[in-house]
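**Q** Sharing a structure, written as structure tokens. Questions coming.
The values are calculated or read from the model by the stated rules, or taken from the named source; none is laboratory data. Note that the coordinates shown come from a computational prediction; the quantities given were computed from them, not determined experimentally. Using ideal geometry, Cβ is built from the backbone for each residue, glycine included, and neighbour counts are taken over all protein chains shown.
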Amino acid sequence: MSQLGERIAQFRKMATDDPENELGHFRLGQLLMEDGQHAEAVNSFERTLELSPQFSKVFQLLGECFIKLGQKDRAVEVLTKGWATADERGDKMPRDAMAKLLTGLGAPVPQAQAHSPVDDGPGTGFRCQRPGCMEGNRARQLPAPPVPDEIGERIQQTVCAGCWNLWFRDLSIKVINELRLDLSSEFGQNEYDRHMREFFGFEEPAAGPVR
């Protein structure tokens, strides 16, 4: 089995063993796309959106799958909804990517709307930038960087305490266990960092591993 095939098998097991694990379904969808299995990737991304309906990047990838499958109408529907979701959340990169895909399909790009607050009440004043965050204006900033490096500072500035706790106390453990990562090795640390960045919606690798 190829390395890609092994990774697909790992995340298929993760998604099967824990059907509520949005990261498992998301990563499985990405790997299936990489392997050209777009119909199966659709199932993974649709399940991800069931678990995390505000995860704007997933709309983009799901739309790309429908384009590859020749299903233009479904692609336009998904990308239009995804654009609105990304715009409401302020997720600029996936929003702009979906606008480009819609233009390529000859479909109209929605116009930005004025948005009302996600929740009633005054809120905390902190806005979590993780795609899929469900905290709304209840989001609270971490009191300090969770790790003493550049990515820790980025997490404190852009990710709420609820999303950090979800990663650190739950999903990171599943990633380590399911993928049998040895964090004392460079490979294991790099894999851990990559999955963490994807969960938080960081588009580019941050400098330095989490220690």
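**Q** Collect the residues in segment 163-184 that are surrounded by fewer than 17 Cβ atoms within 10 Å (Cβ to Cβ) and within 19 Å of the chain's Cα centre (by Cα), keeping them in residue-number order.
**A** Within segment 163-184, 165, 168, 169, 170, 173, 174, 176 qualify.
**Q** Quickly run through segment 53-81 and pick out the residues that are closer than 19 Å to residue 194 by Cβ and part of a loop (DSSP other than H, G, I, E, B). Working first, answer last.
**A** Taking segment 53-81 first, the residues closer than 19 Å to residue 194 by Cβ are 55, 57-58, 60-61.
Scanning segment 53-81 gives a single hit, 55.
**Q** Next up: Quickly run through segment 163-202 and pick out the residues that are assigned to a helix (DSSP H, G or I) and touching a Lys or Arg at 6+ places or on another chain (Cβ under 8 Å).
**A** Of all residues in segment 163-202, those assigned to a helix (DSSP H, G or I) come to 163-179, 186-200.
Hits for segment 163-202 are 163, 178, 195, 198, 199, 200.
**Q** Under 29 Å from residue 19 (Cα atoms), surrounded by fewer than 18 Cβ atoms within 10 Å (Cβ to Cβ) and in contact with a strand residue (DSSP E or B) (Cβ under 8 Å, 6 or more places away or on another chain): is that true of residue 140 in this structure? Before the answer, list the steps.
**A** Details: under 29 Å from residue 19 (Cα atoms): yes; surrounded by fewer than 18 Cβ atoms within 10 Å (Cβ to Cβ): yes; in contact with a strand residue (DSSP E or B) (Cβ under 8 Å, 6 or more places away or on another chain): yes.
When the stated conditions are applied, residue 140 passes them.
**Q** What's the number of the condition residue 133 fails, among (1) within 28 Å of residue 11 (Cβ to Cβ); (2) at pLDDT 95 or above?
**A** (2)
**Q** Determine, yes or no, whether residue 159 is of a type in the set (Val, Ile, Thr) and at pLDDT 90 or above.
**A** On the way: of a type in the set (Val, Ile, Thr): yes; at pLDDT 90 or above: yes.
So residue 159 passes the test.
**Q** When you look at residue 69, is it modelled with pLDDT of 95 or more, of a type in the set (A, V, I, L, M) and surrounded by fewer than 18 Cβ atoms within 10 Å (Cβ to Cβ), yes or no? Steps first, answer last, please.
**A** On the way: modelled with pLDDT of 95 or more: yes; of a type in the set (A, V, I, L, M): yes; surrounded by fewer than 18 Cβ atoms within 10 Å (Cβ to Cβ): yes.
Against the criterion (modelled with pLDDT of 95 or more, of a type in the set (A, V, I, L, M) and surrounded by fewer than 18 Cβ atoms within 10 Å (Cβ to Cβ)), residue 69 qualifies.
**Q** Under the condition of being polar (S, T, N, Q) and without any contact (Cβ under 8 Å) to a residue 40 or more places away in the chain, which residue from segment 31-69 is nearest to residue 131 (Cα to Cα)?
**A** 48
**Q** With respect to residue 11, is the statement that it is closer than 19 Å to residue 102 by Cα, touching a residue at least 12 places away in the same chain (Cβ under 8 Å) and in contact with a Gly (Cβ under 6 Å, 6 or more places away or on another chain) true? Reasoning before the result, please.
**A** On the way: closer than 19 Å to residue 102 by Cα: no; touching a residue at least 12 places away in the same chain (Cβ under 8 Å): yes; in contact with a Gly (Cβ under 6 Å, 6 or more places away or on another chain): yes.
Answer is no for this residue.
**Q** Within segment 10-41, can you find the residues that are buried (at least 23 other Cβ atoms within 10 Å of the Cβ) and within 14 Å of residue 194 (Cβ to Cβ)?
**A** 11, 23, 26, 27
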